[in-house]
Amino acid sequence: MANNLAVENAGLKPAESRLAKALAGFKLRDTGFHLLTLAAAWAVLILLGGVIASLIVGSMPAIRAFGLNFLVTEAWNPVTEKFGAMAPVYGTIVTSLVAMAIAVPSALGIAIFLTELCPYSLRRPIGIAIELLAGIPSIIYGIWGLFVFAPFLQEHVQPGLISAFAGVPVLSKLFAGPPYGIGVLTAGVILAVMVLPIVTSISRDVFETVPTVLKESAYAVGCTTWEVLRSVVIPYTRVGLIGGVMLGLGRALGETMAVTFVIGNAHRIAPSLLAPGTTISATIANEFTEAVGDLYTSALITLGLILFVITFIILAISRYMLMRLQSQEGR
Amino acid sequence: MAIYDSRRRRSKFYLGLCYASVIIGLGWLALILGTLLYEGFRGLTPAVFAQMTPPPGSNGGLLNAITGSLIMTFLGVAIGTPLGMLAGTYMAEYGRYSKLTFFVRFINDILLSAPSIVIGLFIYEVMVARMGHFSALAGAAALSVIVIPVVVRTTEDMLLLVPDTLREAARALGLPRSIVIGKVAYRAARAGLVTGVLLAIARISGETAPLLFTALNNQFFSTNLNAPMSSLPAVIFQFALSPYKEWQQLAWTGALLITLAVLALSITARALQTQRPAK
């Protein structure tokens, strides 16, 4: 097209042919830029494909050696080259559950405070503070957990927990053993503090989408503030809240440094929350550079693959929920 | 009336829980920052910026770690930003309603929260294992993979905020789209685009997990991109878990430096963002 123009205009006056040339140049540059941006967009997809592909390739030796048994084996013995993912997977799930059990109610409480109860002048500063906290690197939480929180738990909280639940049927198992300070519970609590700002900030955004008319109508028929929240605000925002919680869960599952510092890195499944354990990410962070032998390395990469698949599913659900909320708003 | 009273009491109880969660949550976070400031400033001496990481049991600084972090962060941003911006440009300008954009946005949002340690494994597989040794270049590559989703997201969001009337006015003058994007859309969204880059820097400056087995660590000062390089987070990880008092103190100081940098970047980004509406 552009070339044809140039040829047709060849016999015309110099000024007009210059214009045609300039236009052709425009066209060329435009197409070039378009293709460049298109390629970059594809690159993002390829990047994700590359991550998955490289993890699968890297984990092939371990998958070939252990098959599906890898998932249900507890043993982790580099000397005899027997590896199983059960202990890290268990630790990952338990720490994340502990974290969510603590973080979700508190985050909802803070979000409710910010949207419904807080005086206007405080809303912005507290909101900003929470968003800044969401950006603090996880290693900071880890170092704090190791030096401040774990010793505190060991001296003041865990002995009390152990003796308080000593006779109770199930709880005595959950809170048993010597107080190490570090362990599954500590890791869960630290994760909760990390996830708190993330869940809070999404819940707050979601709560703000509730039309004032709905809330005012509920107040007008005599609802108390709590009833408005429970029967209007939370049902209205349910989808978005689940999305936010899943996003927090995705973060908690994949969190590495904060957990590595305080989990204790013991490859076993202990019923007690006070016992040291390990998570997928902590295992990889601790052992990868020291792994000797292809099978060992490959087993660690397989762990990474499992982690990636789990978080991918959780995050995909989260995004789907948040997207549904957005289309509901009619944006 | 009795029923109403009990409903009100119930309401008060739950709202009380909300207040309590605010106090506990924010108090807890304040406690972490407070300890960090206290422990970190205690060890903040000029030597931290002038000396290398010490052997166990002696005093030293973090110069090699700080330099390493700066170099790798810079490279990571330098590689990741152009790619992220171009992809974001496609999504907001050329292919705003295309299937590809929808798909890329979904994948990008997942990459945004994907566990960073997996990114480290990925770069290990494609770079470190191929090259046969750890290197600063691999570390920078891992960081750039984390930068890309952040920049894609903010670029798209910020370009979408630019009013279409501006684009239409420019198109009506006969300008091709590439010039409309370069001279109009980018300019109108400039503050937002800078914000994205700042947020990306803030995000990677504390990243530890992807560096552990790409750039590894280095006891000595090195600017060789083809060799292992020290970084603040990796040094903190190593020193904090050591039994030596001097090392632990340096870990706190390093943690303080990272936090200050991250907070400064986030606050600058926020200030830039509120400067809009774009002109």
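Structure data summary
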read-out: Geometric extent, Cα atoms of chain B - Rg, Dmax (angstrom); value: 23.5, 78
read-out: Rg(Cα)/(2.2 N^0.38 Å) for the protein assembly as shown, N = residue count; value: 1.06
read-out: Global form of region B:26-108, assessed from the alpha-carbon gyration tensor, a/c cut-off 1.5; value: oblate
read-out: Two-site label geometry, B:ILE267 and B:ASP157: point separation in nm, points 7 Å out along Cα→Cβ; value: 2.1
read-out: Simple label model, 7 Å out from Cα along Cβ direction - B:ILE24 to A:LEU214, nm; value: 2.8
read-out: MRE, 222 nm, helices only [DSSP H, n ≥ 4, -39500 (n - 2.57), over chain A, to nearest 500]; value: -22500 deg cm²/dmol
read-out: FRET efficiency estimate (nearest 0.05) - Cβ-Cβ, B:ARG171 to A:ILE128, R0 25 angstrom; value: 0.05
read-out: Normalised convex hull volume, chain A, alpha-carbon set, Å³ per residue; value: 247
read-out: Sequence of A:TRP42, A:TRP226 once ranked by neighbouring C-beta atoms within 10 Å, starting from the fewest; value: A:TRP42, A:TRP226
read-out: Anisotropy class of region A:48-103 from Cα gyration tensor, a/c 1.5 cut; value: oblate
read-out: Translational diffusion of region A:66-209, µm² s⁻¹ [Kirkwood Rh, Cα pairs; Stokes-Einstein; 4 °C; 1.567 mPa s]; value: 73
read-out: Estimated distance in nm for a label pair at A:VAL292 and A:GLN326, the labels positioned 7 Å out from Cα along Cα-to-Cβ; value: 5.1
read-out: Alpha-carbon Rg/Rh ratio, for region A:189-331, with Rh computed the Kirkwood way; value: 1.15
read-out: Chain lengthening between B:ARG9 and B:PHE220 when straightened (0.36 nm per residue, less Cα-Cα); value: 69.5 nm
read-out: Contour minus Cα-Cα distance for A:ILE317 and A:ALA53 (0.36 nm per residue); value: 92.9 nm
read-out: Relative contact order of chain A, defined on C-alpha pairs under 8 angstrom at six or more residues apart (%); value: 25
read-out: Principal axis dimensions, region B:32-172 - Cα atoms, whole angstrom, descending; value: 68, 39, 28
read-out: Efficiency of FRET between B:LEU44 and B:LEU17 - r from beta-carbon atoms, R0 35 angstrom, step 0.05; value: 0.30
read-out: Backbone N under 17 Å from the B:LEU31 label point (7 Å along Cα→Cβ), restricted to region A:162-187; value: A:181-183, A:185-187
read-out: Which of B:TYR124, B:TYR94 has the fewest Cβ neighbours within 10 Å, and the rest in rising order; value: B:TYR94, B:TYR124
read-out: Note, ³J(HN,Hα) from phi for region B:31-38, Karplus 6.51, -1.76, 1.60, rounded to Hz, x at Gly and Pro; value: 4, 4, 5, x, 4, 4, 4, 4
read-out: C-alpha center-to-center spacing [region B:195-238, region A:226-251] in angstrom; value: 37
read-out: At least 30 Å along the helix axis (C-alpha) and Kyte average at least -1.0, DSSP helices within chain A; value: A:14-66, A:86-112, A:184-207, A:294-328
read-out: Value of relative contact order over region A:182-320, rounded to a whole percent, pairs C-alpha under 8 Å and six or more apart; value: 33
read-out: Choice from A:THR80, A:THR200, A:THR237 showing the highest fluctuation, given a GNM over chain A with Cα pairs closer than 10 Å; value: A:THR80
read-out: Sites A:ARG64 and A:ARG29, calculated FRET efficiency, Cβ-Cβ separation with R0 60 Å, nearest 0.05; value: 0.75
read-out: Per-residue [θ]222 nm for chain B (sum of -39500 (n - 2.57) over DSSP H runs n ≥ 4, rounded to 500); value: -23000 deg cm²/dmol
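Rule-based calculations on the coordinates, nothing more; no lab input. In this text, all values refer to a predicted model and were calculated from it rather than measured experimentally. All Cβ positions, glycine included, derive from the backbone under ideal geometry; neighbour counts span all protein chains shown.
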